[in-house]
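For reference, the structure discussed in these notes is given below.
Each value in this text was obtained by applying a stated rule to the coordinates, not by laboratory testing. This one's a predicted model, so the numbers in the text were calculated from it and none came from an experiment. In this analysis, Cβ positions are derived from the backbone assuming ideal geometry, glycine residues included, and neighbour counts consider all displayed protein chains.
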Amino acid sequence: MLGLCLETIFNPTRFKISCKGPFPIKAFTTISANLGSVISLHLIEMDPELLTLLNLQGDLRPEALRLVHQIFNDLRTTLLEPRGIDEYGTDSVIGDALHNREKELAAVEKLVGIIAQEWHATNLNISQHVFEIELSRLEARAEHLMGDILVIRDCRFELAGRLMDDMIGAEDGGRINSTWSHVDSLIERYKTVKGAKIPIYEPKNTIAQWNFCKTVFNVYDVEEGISDWCVVSGHRHLRSTVRGVQIVRYSLGEKCARYLFAPLDDSHGHLFGAKNGLPMHIHYAEALDNGRLVIIPDEVQGKDEERDQGYIGSWKVYNLYEADAQDSSQFMPLGSELHGRSLEFRNDFRPNTRYLFFAFCMNVLWRQRHEASGWWRAYLASGPGEAWAAAASGPYLRQSTLRRIAQRVGRLTEGEAAQFVVEAGNGPIAEPSDGDRRAEEKDSFYADLCCVAGGDADDEESDEFDVGEEE
């Protein structure tokens, strides 16, 4: 079987490439006579160029480079060869595929952390553009791996059954020559619109989206003639430029929303309920969706007994990135004029506090993902954490789940994630769940789902809907 020697990765004189990168490992050709310890090309579709930060090796400090090499070497030694289906069964093969993807994902996450830390410590002599390109390549791989992991966890027994059926029906006497390649193809079927069983891959319900936006516009009383009200700018804008934004993304799926926020006795559910919406100009909608804006409590008024959460009548918007403070426009509030601006509503209807808290945490954690370690703590201490804590009369989210989300999305350690839950203002009630393996598995699954769904902001389809020109 073809293989790739670890030595050839780090010794350019013994390693040649047959085509331009980036590209999968199957496109690599080694010409070293001494292959020594090899990695099967069929373990997983690894990219050594990506996993060794080949493009940055001339810019990394020796200490950082040693860490990168150690991460790759550890990954190489933990990946599993495909086992015989006849001897071990198809479920074991699917389990091994899950193991390999989880190990590679852990390696990719560590590499993201190294690049971010080195960049913010000014140890990388590269441009902002190159920094962002390298991060985007790693993030694309992480998203792909998380998607595979979600499919395997959700459809493991079905995948094993399909693999068995295909093995029995194979033309070569019931055997599949390339096990990993076949497993890959089975997983990919569940990541298509036709075969999707996980919401991030399912087609959007355009009718439900249309009805959601109409409902949001009605409950917030924003429509008037050919213009609609934006709660962020406090002005009317042409109808074609105002959107009904879903605070919690549609791609999470209602099942995940019920787990995060508890079951809801409403036919529209969490995601298509009016309290998951806000009417705003498309510029603000895109900034919120791209994690550049956060909305936090301005003041607490009364109490919403139905939700057992403080009824927050006033909200304000913050820029999450300092660079955005320099923006300006004669047509709408931007930059310093936008930062700290109170939302302007036309009636007493307000969004669900828990949804806004979730969106706030996700955006803060997404920025932390590419920031220096500990950035989140200084940001929360600057005011937002206290604002959420003052508004809380109980936890906004399941605490064990929020901890796992903080680890997955923000790359926080277990200890940091526990601190994040408190300092973000998630309420005073502790939730003992340690040792509950089923709860931990659910927390992990839904945290991964949140991470993948939260990383698709650049897709053509987003979670902002307009009602067009029809009345």
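When you count the other C-beta atoms within 10 angstrom of each residue and take the mean per peptide, 339-349, 220-230 line up highest first as 220-230, 339-349.
Roughly what percent of Cα-Cα pairs across the stretch 201-465 reach past 34 Å? It works out to 13 percent of all Cα pairs. Here the dipole of the stretch 59-102 is about 280 debye; that uses its Cα centre as origin and unit charges on the Cβ of Lys and Arg (positive) and Asp and Glu (negative).
Reducing the stretch 192-264 and the stretch 85-104 to their Cα centroids gives an inter-centroid distance of 39 Å. For the stretch 50-197, the Cβ-based charge dipole about the Cα centre amounts to some 240 debye (Lys, Arg positive; Asp, Glu negative; other atoms uncharged). Mind running the shape call on the stretch 50-197? Use the C-alpha gyration tensor, a ≥ b ≥ c as the square roots of the eigenvalues: rounded below 1.5 for a/c, prolate if a/b tops b/c, oblate otherwise. Prolate, because a/c is 1.5 or more and a/b exceeds b/c. Taking amide H as placed 1.01 Å from N in the peptide plane, residue 220 has no amide H partner under 5 Å among residues 5 or more places away or on another chain. Among 85, 108, 185, whose Cα sits farthest toward the positive end of the charge dipole of the stretch 69-185 (+1 at Cβ of Lys/Arg, -1 at Cβ of Asp/Glu, about the Cα centre)? Toward the positive end, the furthest listed residue is 108.
Amide H contacts of residue 293 (H built 1.01 Å from N, in plane; Pro and chain starts excluded): 288, 320 sit under 5 Å, all sequence-distant by 5 or more or on other chains.
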